[in-house]
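Student: One structure coming up, written as structure tokens, with questions to follow.
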Amino acid sequence: MSGQWEVVGKSKQKQSRQSTKKLSKSERKKFVENAPKVEDILPLAQVKTLYTALDNNKENHKPPGKENNVKENDSKKTQKKQPEKKKDMKERQPAPKSLEMAVRLIDVKEITSHLEIGQARFQEAPLVWLKGLAEYLNVKLEHSNPVLTPKTNDYPLCVLSGEIRDVLRRAIKDAGETATQHFFHMCLTAMANDMVRGSSLVYGYKVMLQLLAFQNPKITISNIQKVTTLRNSYQNRQPVLLAVLWALGQGGMKDLQTGLKVWLDVMVPVMDMRNYTTFVVNYLKDILTHSPQGRPVPYEQFFAVLDVIHSPSNNLPNNVQQELLSLSPALRVRAMKAVSEKRLRNFFEPLLQRLQPSTSKMLHEELLTCLMVCLNSDQHCYSIWRQMYTKHLPQSAVLLDHIGIQWTTIKGQVAVKVLRETLSTFQVTNEELRKSKQKDEQHLIHCQHSCEELLKKMTVSRTFPWKTGSFLLLFAVVALLSYDIKKHGSFRSSSTGRFLNDIGALQYGEHAWARTKFYSDKSYRWAEANVPHYYKLVGDHAKPYLELAWDVYLVVGHQLHSMYENINAYIEEKMPAVIDWINVYAPGLLDKVKAHSTEAWEQVKQNALILWQFFLHYSYKGLEWVKANVFVGSLSPENLQKYSMEALNTTQVYAVWTYDWVCQKVQTLSKIQHNFCYSSVPISVMGKVINELRELVV
């Protein structure tokens, strides 16, 4: 303070003069252009109500003396504008009903001249004429029936003719890579803003976005941070965000790696929201099914997608969750089939680390399948497994059990020699771990038994194919018999027939054949004479009852079928409502029940496997005890083998004696028959003697 009075009035007058200083026209114009617009801040409905309120206020505040003049001027203006309105009505045509019809109205020369004019005016500003081209397509592609769900993966670009697409490609090529990247995000933002304002003129933006993504798929992931901000801004507006997600996903239709990155970074965060769940899952299905095989999928990206698919925290409906889980095989095929064999070793270690006993059943099976693909395709994975064995005993036990169970089906695909060496290494490691008193003794015992069982299956010799051998033997006998009969002309004159005649078996066979033929002919004649009569008799009496039974069967079957269809349709109709009701009043209950039931079943399987291992362990000990305490002395294996060999030798000796005795009797019988043939004894007496001798031999 200076201690003197000060005059402050002049400063206020200066301030008021400075504040009341008027702006020039150019400054006011710049201020209006840079100021925020109401349409950008408020929703469209509030903007309309605001403008209508302002119009009403203007009408209410008009001076009364000028109303007549205003009415007269309005009447004159309307009289002047009537012919102009009639011309506009004549020139305006109704919008096409479909996009295809709108495309037919586009003239290639017109769009080419429009592009050339824009390029000539703005040579150093490609964004300007690219935006003009997009707005031109917005107007030309307007139609009255927009398609909510695309018909094909390349819709709406596929609707354009080849000439129009060539013009658009040439424009994008002339613009350059940097300008096209800016233009992509500009079209994306403009499309979202226009849809928020309620405009339907966005198909030009969609065509340009799709063409840019098809030509350069990486353009969709060039600025993930900006795209994420745009997604967060419109996630409460379903149509807008679906259009944005659709545009960002077009690159994945041409490049799987780009599509998976968009899916992970942009779409997965909104997958739990019910408005976008189906779209996100269907997009993953589309890119795994339809995208061409290009760059191999990195194993980091593969495991990121696999973790999302099998995440227990997914809050998805049951049918969508099942559809998502069914995409795991397609992901495995696209990730591992395109990878060279030497790169599969990068997959093995993360796969084995994820193979925990507590994992879900679907993930458990998928990991085992992937591990077997790695082992069968890249033998270097066995060395990685040997290095990881001591620190991953539970995972190794699960993999060994899987190989043992599936051994009969996969033994032709596995490198048996390398697997046997690996199992031998595991056995040596198991002994060392047992001596060092490993803490994880349960899994160690599990691994030890699994190795022993798998080695036994690998060393078991193949059993003789009895069915195939029997069939081949029967076929050979029939072939030899046919050849013998054909060579000698008849069965009696063949070697087989003569042999059977020599031992006396031929006449019994012929006698049996004659009797069989006699009775079969007699039965056929009886059936030929009596079956038609009895058939007609039974038909006359039973036909009405059979027809009645058939009609009853048809009626009852139709009723049961219709009841089944009604019940099935009722269940299909009400089941989603019941599931939704449960999800509303008890959210997560179905998933928890499913998860707990799966965990219980896995626990039962694990306990049963542990019991089976203990049973095998103690059964082996019991066998050893029986060998050491029961089968000793006279019951030792050596003595039992000795007794069995002695019994076999004795049986063989008696069989040889019996055969010699039978041969001797047959020779004696043949000599007696020969002597009777040249004697004067009657043939009947000779036959009786021969039969008595045969009975005596028998």
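Student: For segment 124-145, state whether one or more residues are over 30 Å from Ala179 (Cβ atoms), at pLDDT below 80 and either out of contact with any Asp or Glu (no Cβ under 6 Å at 6 or more places or on another chain) or loosely packed, with under 11 Cβ neighbours inside 10 Å (or both).
Tutor: Initially, segment 124-145 is screened for residues over 30 Å from Ala179 (Cβ atoms), giving 144-145.
Next cut, at pLDDT below 80 only: 144-145.
Next cut, either out of contact with any Asp or Glu (no Cβ under 6 Å at 6 or more places or on another chain) or loosely packed, with under 11 Cβ neighbours inside 10 Å (or both) only: 144-145.
Within segment 124-145, one or more residues are over 30 Å from Ala179 (Cβ atoms), at pLDDT below 80 and either out of contact with any Asp or Glu (no Cβ under 6 Å at 6 or more places or on another chain) or loosely packed, with under 11 Cβ neighbours inside 10 Å (or both).
Student: Can I ask one more? Tell me which residues, restricted to segment 582-605, are of a type in the set (Phe, Trp, Tyr) and modelled with pLDDT of 80 or more.
Tutor: Once the filter is applied, which keeps residues that are of a type in the set (Phe, Trp, Tyr) and modelled with pLDDT of 80 or more, segment 582-605 yields only Trp601.
Student: Can you confirm whether Lys457 is out of contact with any Pro (no Cβ under 6 Å at 6 or more places or on another chain), at positive phi and at pLDDT below 85?
Tutor: No, not satisfied.
Student: Return the residue satisfying two criteria in turn: it lies in segment 304-335 and is of a type in the set (A, V, I, L, M) and without any contact (Cβ under 8 Å) to a residue 40 or more places away in the chain, and of such residues it is nearest to Thr598 (Cα to Cα).
Tutor: Within segment 304-335, the first condition is being of a type in the set (A, V, I, L, M), and the residues that meet it are 304-306, 308-309, 316, 320, 324-325, 327, 330-331, 333, 335.
Still in the list and also without any contact (Cβ under 8 Å) to a residue 40 or more places away in the chain: 309, 325, 333, 335.
Details: Ile309: 17, Leu325: 15, Val333: 26, Ala335: 28 Å.
Going through the qualifying residues, I end up with Leu325.
Student: Of (1) surrounded by fewer than 20 Cβ atoms within 10 Å (Cβ to Cβ); (2) farther than 22 Å from Glu116 by Cα, Lys173 satisfies all except one. Which?
Tutor: (2)
Results for (1) surrounded by 10 or more Cβ atoms within 10 Å (Cβ to Cβ); (2) in a helix (DSSP H, G or I); (3) modelled with pLDDT of 80 or more; (4) not hydrophobic (A, V, I, L, M, F, W, C), shown as yes or no for each residue.
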position: Met563; (1), (2), (3), (4): yes, yes, yes, no
position: Asn568; (1), (2), (3), (4): yes, yes, yes, yes
position: Ile571; (1), (2), (3), (4): yes, yes, yes, no
position: Tyr620; (1), (2), (3), (4): yes, yes, no, yes
position: Glu624; (1), (2), (3), (4): yes, yes, no, yes
position: Lys627; (1), (2), (3), (4): yes, yes, no, yes
position: Met645; (1), (2), (3), (4): yes, yes, no, no
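Student: Yes or no: segment 394-407 includes at least one residue that is part of a helix (DSSP H, G or I), among the charged types (D, E, K, R) and surrounded by 16 or more Cβ atoms within 10 Å (Cβ to Cβ). Don't jump to the end; show me each part of the working.
Tutor: Applying the first criterion (part of a helix (DSSP H, G or I)) to segment 394-407 yields 394-405, 407.
Going one step further and asking which of them are among the charged types (D, E, K, R), we end up with 401.
Of the ones still in play, those that are also surrounded by 16 or more Cβ atoms within 10 Å (Cβ to Cβ) are 401.
Yes, segment 394-407 contains a residue that is part of a helix (DSSP H, G or I), among the charged types (D, E, K, R) and surrounded by 16 or more Cβ atoms within 10 Å (Cβ to Cβ).
Student: Residue check, Glu452 against (1) in a loop (DSSP other than H, G, I, E, B); (2) within 30 Å of Tyr618 (Cβ to Cβ), all met but one. Which one?
Tutor: Going through the list (1) in a loop (DSSP other than H, G, I, E, B); (2) within 30 Å of Tyr618 (Cβ to Cβ), Glu452 breaks only (1).
Student: Now, a different point. Could you go through segment 368-378 and let me know if any residue there is within 19 Å of the chain's Cα centre (by Cα), under 24 Å from Lys605 (Cα atoms) and surrounded by fewer than 17 Cβ atoms within 10 Å (Cβ to Cβ).
Tutor: Yes, because at least one residue in segment 368-378 is within 19 Å of the chain's Cα centre (by Cα), under 24 Å from Lys605 (Cα atoms) and surrounded by fewer than 17 Cβ atoms within 10 Å (Cβ to Cβ).
Student: Can Ser494 be described as surrounded by 10 or more Cβ atoms within 10 Å (Cβ to Cβ) and modelled with pLDDT under 85?
Tutor: Working: surrounded by 10 or more Cβ atoms within 10 Å (Cβ to Cβ): yes; modelled with pLDDT under 85: yes.
Yes.
Student: Looking at Leu212, Leu230, Leu242, Leu264, can you tell me which residue is surrounded by 21 or more Cβ atoms within 10 Å (Cβ to Cβ) and in contact with a helix residue (DSSP H, G or I) (Cβ under 9 Å, 6 or more places away or on another chain)?
Tutor: Leu212
Student: Any chance you could count how many residues in segment 121-145 are part of a loop (DSSP other than H, G, I, E, B), under 15 Å from Leu99 (Cα atoms) and among the polar types (S, T, N, Q)?
Tutor: 2
Student: What about Val333, is it of a type in the set (A, V, I, L, M), surrounded by 14 or more Cβ atoms within 10 Å (Cβ to Cβ) and not assigned by TED's automatic domain parsing to the domain that holds Gln379?
Tutor: Working: of a type in the set (A, V, I, L, M): yes; surrounded by 14 or more Cβ atoms within 10 Å (Cβ to Cβ): no; not assigned by TED's automatic domain parsing to the domain that holds Gln379: yes.
No, not satisfied.
Student: I would also like to ask the following. Being exposed (fewer than 10 other Cβ atoms within 10 Å of the Cβ) and at pLDDT 85 or above is the requirement here; does Glu528 meet it?
Tutor: Yes.
Student: Now for a separate question. Give me the pairs, please: first residue somewhere in segment 373-401 and in the same structural domain as Arg345 (by TED's automatic domain parsing), second residue anywhere and among the small types (Gly, Ala, Ser) and surrounded by fewer than 21 Cβ atoms within 10 Å (Cβ to Cβ), beta-carbon distance under 6 Å, and either six or more positions apart or on two chains.
Tutor: Final answer for the pair search is Gln379/Ala415.
Student: Separate question: Would you mind stating whether Ser562 is among the polar types (S, T, N, Q) and farther than 30 Å from Val398 by Cβ?
Tutor: yes
Student: Would you check if there is a residue in segment 337-350 being among the acidic types (Asp, Glu), touching an Asp or Glu at 6+ places or on another chain (Cβ under 8 Å), over 21 Å from His446 (Cα atoms) and in a helix (DSSP H, G or I)? Explain how you work it out, then say what you get.
Tutor: If we filter segment 337-350 for residues that are among the acidic types (Asp, Glu), which is where we start, we get 341, 349.
With touching an Asp or Glu at 6+ places or on another chain (Cβ under 8 Å) added as a condition, the list becomes 341.
Then keep just the ones that are over 21 Å from His446 (Cα atoms); that gives 341.
Filter again for in a helix (DSSP H, G or I), leaving 341.
Yes, the conditions are met somewhere in segment 337-350.
The values are calculated or read from the model by the stated rules, or taken from the named source; none is laboratory data. Everything numeric here is computed off the predicted structure, so don't read it as measured data. For neighbour counting, all protein chains shown are included, and Cβ atoms are generated from backbone atoms with ideal geometry for every residue, glycine included.
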